[in-house]
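Once you've had a glance at the structure underneath, I'll fire off some questions.
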Amino acid sequence: MSGGLSNLTQLYLGSNRLTGEIPPELGDLSNLWDLYLGSNRLTGEIPPELGDSGGLSHLRRLGLYDNGLTGEIPPELGGLSNLAELWLWNNQLTGEIPPELGGLSNLTRLLLNNNQLTGAIPPELGGLSNLTTLVLRATHRLTGCIHPRGCETCGNDLGRLNLPTALSAHRRRWSPLQRHGWEAGPPDTG
């Protein structure tokens, strides 16, 4: 697939009624910065080749939202060191959120809502210091909360969590969320 497309930096194929599975060969587009395949009719699993195989090392934005994707979120996506935005909402993804996503130090937006994810929210997500938007709404089988050191269960529907970019490391040590659908910065913990 990448023959002749080796210099491609942006691929926007959203809202085109595309069907079938995501070609693993997209992972070979080594200069790609933005990959948007959202709002199509794609099915199957997210190919692990989109992750840390080295091909998409420049990728900043990955939008696979609003499709019919199934299976688990590949832990290999945690190897996309430049990734700033990961949009996987409104699919049929199952399993746990991979703790490897906590290694995406440049991540600012993580949208996983409207899937069938289960298990504990990985405490590793609490270390994403650049994260400004985390959406887990309508993933009712998740437990736990976002905290740099882990915490007790705080609810199964976190909704939209906006973290101010200027939030200091001290203020990020908030107490567990107590309300569903919280849409504000964390409480001032002194």
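Here, each number is a calculation from the coordinates, and none is a lab measurement. In this text the structure is predicted, and so the values were computed from the model without any measurement. Every residue, glycine among them, receives a Cβ derived from its backbone with ideal geometry; neighbour counts consider all protein chains shown.
Name the shape class, rounded, prolate or oblate, that the alpha-carbon gyration tensor gives for region 10-144, where a ≥ b ≥ c are the square roots of its eigenvalues, rounded holds for a/c under 1.5, and otherwise prolate holds if a/b is larger than b/c and oblate otherwise.
Working: a/c = 1.67, a/b = 1.15, b/c = 1.44.
Taking the square roots of the gyration eigenvalues as a ≥ b ≥ c, region 10-144 is oblate.
Order of 54-60, 73-79 by packing, highest average Cβ count within 10 Å first?
Numbers: 54-60: 18.6, 73-79: 20.1.
So the peptides 54-60, 73-79, ranked by packing, come out 73-79, 54-60.
Once label points are set 7 Å from the Cα along Cα→Cβ at both S81 and S105, what is their separation, rounded to one decimal in nm?
A separation of 0.8 nm, rounded to one decimal place.
State, to one decimal in nm, how far the label point of E25 lies from the label point of N130, with both points 7 Å from Cα in the Cβ direction.
With each label point 7 Å from Cα toward Cβ, the separation is 3.1 nm.
Still on this structure, I have one more. Between rounded, prolate and oblate, where does region 88-132 land on the alpha carbon gyration tensor, with a ≥ b ≥ c its root eigenvalues, rounded for a/c under 1.5, else prolate if a/b exceeds b/c? Can you show the working numbers first?
On the way: a/c = 2.63, a/b = 1.51, b/c = 1.74.
Cα axes put region 88-132 in the oblate bin.
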